[in-house]
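**Student:** Have a look at this one before I ask anything.
Any read-out appearing in this document is the output of simple, stated calculations on the displayed coordinates, not a laboratory observation. Note that the coordinates shown come from a computational prediction; the quantities given were computed from them, not determined experimentally. Neighbour counts run over all protein chains shown; Cβ positions are idealised from the backbone, glycine included.
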Amino acid sequence: MTDSVTLRTFMSQEDVHYAGGLVAGARVLELFGDAGTALLLETDGVEGLLASYEDVQFLQPVQAGNLVDVTATLLSSGRTSRRLSFVAAVGGNPVCTANAVAIAKQFGGEVSG
């Protein structure tokens, strides 16, 4: 069983949200969601659902041109809940950290509307 997953993403000009080539913190949280999904697929075989983030810390700005490594680590497992930790790093230096709770069960089906 995998207890961590790392994804690598290049931040392009399309990711810029602020002057000076700065990427919004929300983009890093989106990457945390992607890494959490990958981890749940590895450990539970389902995409699951991120239920909450705790203690999000933005440590350094992320800029266009940065290569961001995002690691999701499984901290503990309940019946359907999973506690995860996340670290986003640029050049080995952490730029954002967070903890989260995910629900590891099958959700969805077709959405009508």
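**Student:** Can you list residues from other chains, or at least 5 along the same chain, whose modelled amide H is less than 5 Å from the amide H of G48?
**Tutor:** The answer is K105, F107.
**Student:** Assigning unit charges at the beta carbon (Lys, Arg +1; Asp, Glu -1) and nothing else, what dipole magnitude in debye, to the nearest 20, does the chain show about its Cα centre? Don't skip to the end; give the middle numbers.
**Tutor:** Details: 6 positive and 12 negative charges, 44 e Å.
Around 220 debye, computed over the chain.
**Student:** What list of ³J(HN,Hα) couplings, whole Hz, do you get for segment 82-88 from phi and the Karplus terms 6.51, -1.76, 1.60, once you set θ to phi - 60° and write x for glycine and proline?
**Tutor:** Listing the rounded values in order: 9, 9, 10, 10, 10, 9, 9 Hz.
**Student:** If you plug each phi of segment 58-73 into the Karplus form 6.51 cos²θ - 1.76 cosθ + 1.60 with θ = phi - 60°, what whole-Hz ³J(HN,Hα) values come out, in order, with x for Gly and Pro?
**Tutor:** Coupling constants for segment 58-73: 8, 9, 8, x, 10, 10, 4, x, 6, 9, 9, 9, 10, 10, 10, 10 Hz.
**Student:** Here's a follow-up. Would you mind telling me which residue in G48, G65, G36 has the biggest mean-square fluctuation in a Gaussian network model of the chain, where springs connect alpha carbons within a distance under 10 angstrom?
**Tutor:** Between G48, G65, G36, it is G65 that shows the largest mean-square fluctuation.
**Student:** Just to confirm the number: angle between the C-alpha axis of helix 25-44 and the first principal axis of the chain, 0 to 90 degrees, nearest 10?
**Tutor:** Tilt relative to the chain: about 30 degrees.
**Student:** Could you sort the peptides 84-90, 28-34 by per-residue average Cβ neighbour count (10 Å cutoff), highest mean leading? Could you put the intermediate results ahead of the total?
**Tutor:** Numbers: 84-90: 21.1, 28-34: 19.4.
Per-residue mean Cβ counts within 10 Å order the peptides as 84-90, 28-34.
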